[in-house]
1. Within the range 68-83, can you find the residues that are surrounded by 14 or more Cβ atoms within 10 Å (Cβ to Cβ), in a loop (DSSP other than H, G, I, E, B) and over 11 Å from the mean Cα position of the chain (by Cα)?
2. Any residue at all in the range 4-19 that's touching a residue at least 24 places away in the same chain (Cβ under 8 Å), polar (S, T, N, Q) and touching a strand residue (DSSP E or B) at 6+ places or on another chain (Cβ under 7 Å)?
3. Looking at A36, A86, A60, can you tell me which residue is out of contact with any strand residue (DSSP E or B) (no Cβ under 8 Å at 6 or more places or on another chain), surrounded by fewer than 13 Cβ atoms within 10 Å (Cβ to Cβ) and part of a helix (DSSP H, G or I)?
4. Could you give every pair whose Cβ atoms fall below 7 Å, whose first residue belongs to the range 65-78 and is under 15 Å from N50 (Cβ atoms), and whose second residue is surrounded by 15 or more Cβ atoms within 10 Å (Cβ to Cβ) and among the charged types (D, E, K, R), counting only separations of at least 6 or pairs across chains?
5. Could you go through the range 9-32 and let me know if any residue there is surrounded by fewer than 16 Cβ atoms within 10 Å (Cβ to Cβ), at positive phi and not in a loop (DSSP other than H, G, I, E, B).
6. Taking the range 39-49 as the search range and keeping residues that are more than 18 Å from E81 (Cβ to Cβ) and surrounded by fewer than 13 Cβ atoms within 10 Å (Cβ to Cβ), which one is modelled with the highest pLDDT?
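The values are calculated or read from the model by the stated rules, or taken from the named source; none is laboratory data. What you see is a predicted model, and the numbers here were worked out from it, not measured in a lab. So basically every Cβ, Gly included, is an ideal-geometry build from the backbone, and we count neighbours across all protein chains shown.
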Amino acid sequence: MLRISITETAGELIALQLHGQISGKWVELLETTCEAQLKKSARLAVDLRNVSFADREGVALLRSLADRRVEILNALPFITEQIGKAARC
């Protein structure tokens with residue numbers, strides 16, 4: 001399960017607070033949410049502080065978002081390492 005909370009701050013930054021796991025059908029939910037928010041603002045941050053797991057598709061999405069200059073914040077070291085490995089593949 002994945003819960004997404006959206007916070008819009010002054011200065012045109014939108015922050016997504018994620019809670020749960022980025023896997024299965026939740027990857028598509030996150031992608032859709034990010035796409036909608038990127039249409040509203042040039043700056044997007046995704047806070048992974050409360051994310052315990054990301055599957056292969058979830059990691060690929062996070063890598064894609066990072067490539068698009070979306071800030072990935074507070075990821076577990078394991079998830080950060082997986083995002084880095086996805087970039088090298």
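1. Listed by number, the list holds a single entry, L76.
2. Checked the range 4-19: at least one residue is touching a residue at least 24 places away in the same chain (Cβ under 8 Å), polar (S, T, N, Q) and touching a strand residue (DSSP E or B) at 6+ places or on another chain (Cβ under 7 Å).
3. A36
4. L73/D47; N74/D47
5. yes
6. The qualifying residue modelled with the highest pLDDT is K39.
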